[in-house]
1. Once amide H atoms are built 1.01 Å from N in the peptide plane, which residues 5 or more positions from residue 386, or in another chain, come under 5 Å H to H?
2. Give the residue from 253, 284, 128 lying farthest towards the positive end of the charge dipole for segment 82-321; charges sit on Cβ (+1 for Lys and Arg, -1 for Asp and Glu) and the dipole is referred to the Cα centre.
3. Can you check what the net charge comes to around residue 196, using other residues whose Cβ is under 11 Å from the Cβ of residue 196 (Lys, Arg +1; Asp, Glu -1)?
4. Please tell me which of these pairs span more than 32 angstrom C-alpha to C-alpha: 152/296; 147/368; 147/296?
5. Using alpha carbons only, how many angstrom separate the centre of segment 314-386 from the centre of segment 98-120?
6. Quick one: Kirkwood hydrodynamic radius for the chain, alpha-carbon pairs, angstrom, one decimal?
7. Hey, got the dipole for segment 124-261? About the Cα centre, +1 on K and R Cβ, -1 on D and E Cβ, debye to the nearest 20?
8. Based only on other Cβ atoms within 10 Å, what is the fewest-to-most ordering of 322, 170?
Amino acid sequence: MSTTNLGGLASAQTVTEDPHLRRGSRGFPLLPGGYGRSTYYTGAPSPYAVRGDGYRVWDDRGRELIDANNNFTSLIHGNAHPEIVEAATKALSEGSSWGIPNLYEWELADLLVSRLPALDQVRFTNSGTEAVMSAIRIARAATGRDKVIVTKGGYHGTSEVALVPGGPSYTRGVPQGVIDDVTAVPLNDTDFLRQAIESAPDAYAAIILDLLPNRAGLLRITEDFVRAARELATRHGVVLIIDEVISLRLGYNGFSGAYGVEPDLLTTGKLIGGGFPVGAVVGLGDLMAEVDPTRKGSLPHGGTFSGNPVSMAAGAVALRLYGPDQVERLTRLGDTAREAANARVADAGWEIRGSGSLLRAVPRGAEKVDEQTQHELWWASYDRGLLGSPANLLSLSTPMDDTVVNDLTERLVDAVLAVAASSRS
Ligand code: PMP
C-alpha cells in the first residue's frame, strides 16, 4: 500500500515510539494475526493508535488523522473530551467497580429512559453483543418460543443468533439448531416477512431490526417494512427488538423515535458509555421483569463489569452533552457533507449513503461491498488523513465543525475518486 504526504494535516507532533507497539516486536505474534479484534482488519498491517484528541488521532507511523472511525461510532464527543475524562477519572478514583450496585447506574438509566419515553426499564451489559443476546433471551423466555427473524445482511454483534444473517462465511462454529431457528428476511421485503410470520405464527419469539444496517451498505429499512414488522409483532405476540447500538445517535429519541416506531425492547451501546465498554437493553416493564431477581424463576443475568461506575459516569456525561441541539447540529453537518460528496462522486459511479452523522461511500446501488473494495477505500482514505472503519463507515463527532467536516468531505471524495479510477484501470 502506498502512503502519501498528509499535506495540511501533517503533524507537528512527535509521536514517541513505544517498542511494544512496533510490528515484529514481541507483542505482535502474541495476538492471532497480530490483532486484538478481527474487525480491525484492513487487508494489510494496520497502523497502531497512539493518542487522540477531539476529532484527531495520531498513529505510530507519525500520522495525524481526522478520526471519523470514532471507535466504530462510539466516540460521539471525539477523543478525550475533557468533561468525560473528568467524570471517568472521578469515578475511577472512587473505586473502579464494586460487587454491590452503584448510583451511577440509576443516573444513566434515567437519562436513557427519558429519551426513550415509551420504554420503562434498563439492564446494562458490557457490549452491544451482550445486549442483543440478552434481549433475544428475554424475548424467548417471555414468549416461550425459539425462532427469531432478522434481516439478511444485518449485523447485531457476534453472538450465535446474530451471526446467522451474515450467511455461511459467518456461521462456522454455530450449531445447526441455532441456524435453523433464525429466519433471514431480505431487506425491506414486507411480503416475505408477512409470509414467514403468518406461516408459523406461534413459532416466533422476536423480530430484530437495525433501521440503518451498515453491513447492507447503510441502506435504510423502509417505513413500510418497519410498520409491517410492528403490526405483525403486535398481532402475533412477537417481541419487536430494535437494535440501536449504532443508530441511537441519529435522533434525540433514537432512530426509532425519528421513524415513529415503538419497539418492545431496544438494544444499544457504543456512545452511551462515553467511550468505555457498555451495552444496554431498554424495554417494556413486563418484558424486563424477566431479569428481575426479586421474581421467582427470573432469568440469570450478570456480567462482572455490567453497570460499572466508570462506564456509567462517562456515559451519563456523554448523553447529557448530546442534547437536541447537538443531535440537530451533527445531523445537519452530516446531511450537508453527504449532499456535497454525492454531487462529486456520482459520475464515478459511487454514492454516499447514510443518515445524519453516519456516512458511507459505496459503489452506486450496491447491497454488499466486497472486502477488497472496502479495504482499498480504507487505505485510500488513510493516505489522505481520514480514518474510517474498515467497512468505510464514517461517523461525525461533536468537536467537528463546518471547517473540519468540509475538510473530511474533500478527503473522502478524493479517496473515492482514486478507488473508482483504479478499478477502471
Ligand atoms: N448491533 C449493531 C447494530 C452493531 O453495529 C454492533 C457493533 N458494531 C453490535 C450490535 C455489537 O456491539 P458491540 O461491538 O459493542 O458488541
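Read-outs: derived from the displayed coordinates by stated rules, not from any lab. For clarity, every value in this text was computed on a predicted model and none was experimentally measured. Backbone-built Cβ (ideal geometry, glycine too); neighbour counts: all protein chains shown.
1. 66
2. The residue sitting most towards the positive pole is 128.
3. Working: positive: 147, 194; negative: 189, 191, 198.
Around residue 196, the charge tally is -1.
4. Working: 152/296 37 Å; 147/368 26 Å; 147/296 25 Å.
Exceeds cut-off: 152/296.
5. 31
6. Values: mean 1/r = 0.0447 Å⁻¹.
This gives a value of 22.4 Å.
7. Numbers: 13 positive and 15 negative charges, 32 e Å.
The calculation lands at about 160 debye.
8. Numbers: 322 22, 170 15.
Going from sparsest to densest Cβ surroundings: 170, 322.
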